[in-house]
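The values are calculated or read from the model by the stated rules, or taken from the named source; none is laboratory data. What you see is a predicted model; the values in this text were computed from it and never measured. FYI the Cβ positions are ideal-geometry reconstructions off the backbone, even for glycines, and counts take in every protein chain you see. For the accessible areas, the whole protein counts, side chains as well, though only heavy atoms, and no ligand, DNA or RNA atoms are used. Shrake-Rupley method; radii C 1.70, N 1.55, O 1.52, S 1.80 Å.
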Amino acid sequence: MCTGGCARCLGGTLIPLALFGFVANILLFFPGGKVIDDNDHLSQEVWFFGGILGSGVLMIFPALVFLGLKNNDCCGCCGNEGCGKRFAMFTSTIFAVVGFLGAGYSFIVSAISINKGPKCLMANNTWGYPFHDGDYLNDEALWSKCQEPLKVVPWNLTLFSILLVVGGIQMVLCAIQVVNGLLGTLCGDCQCCGCCGGDGPV
């Protein structure tokens, strides 16, 4: 597969992942699927917008750049064969790094939240974090420490796990595009071979 075609494939995969992360983060504002009266009762990591900013907004732009490579002129650089495409691939590498950082941010926030557990109403009628060092992950009986919101533990665990997986996949895809973009920058795109000389793609 040509480097441009590979980039477009990666971009098409990143778009639904970004939307998935965006929606997952939005749902975290409704613990247990319900609207809460006080925003201070939300887990702190929800306000870090890992899925909205990291896996969402910062991923949309690189994905659109990857998809837009099909519109770049192979020979748009002073008539030099493949020069325009090479510059486009170099630009995509920069955006891939931005996307990698955004996905990494979402991944780290999600991992911290999963280990920390959700904020909830505890037995002493105060709101806080009843779990320590992810102890609730291996002992479902501890979930009863959270009295409200109902089912907040599986709700947060599921959504942050989704963000963790989405962020991990996005990091891998962006890393692939960094390598692919560098190859496209150094070697050009196979669709551009001979286009300036009138021989057509090879």
Q. Can you find even one residue in the stretch 10-29 that is open to solvent by 40 Å² or more (accessible area, probe 1.4 Å), closer than 14 Å to residue 66 by Cα and touching a residue at least 60 places away in the same chain (Cβ under 8 Å)?
A. yes
Q. Within the stretch 95-111, can you find the residues that are of a type in the set (Phe, Trp, Tyr) and either open to solvent by less than 10 Å² (accessible area, probe 1.4 Å) or farther than 18 Å from residue 179 by Cβ (or both)?
A. 105, 107
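Report yes if some residue within the stretch 65-82 is among the small types (Gly, Ala, Ser), within 24 Å of residue 174 (Cα to Cα) and modelled with pLDDT under 95; otherwise report no.
yes
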Q. What are the residues in the stretch 94-114 that are more than 14 Å from residue 58 (Cα to Cα) and of a type in the set (Val, Ile, Thr), if any?
A. 108, 109, 112, 114
Q. How many of the residues making up the stretch 169-187 are surrounded by 24 or more Cβ atoms within 10 Å (Cβ to Cβ) and out of contact with any Leu (no Cβ under 7 Å at 6 or more places or on another chain)?
A. 4
Q | Scan of the stretch 93-132 for residues that are of a type in the set (Lys, Arg) and part of a helix (DSSP H, G or I), ordered by number | A | 116
Q: For residues that are crowded, with 16+ Cβ neighbours inside 10 Å and touching a residue at least 60 places away in the same chain (Cβ under 8 Å), tally how many sit in the stretch 142-167.
A: 10
(Q) Can you find, within the stretch 123-141, the residue that is nearest to residue 42 (Cα to Cα) among those that are at pLDDT 95 or above and open to solvent by less than 40 Å² (accessible area, probe 1.4 Å)? (A) 128
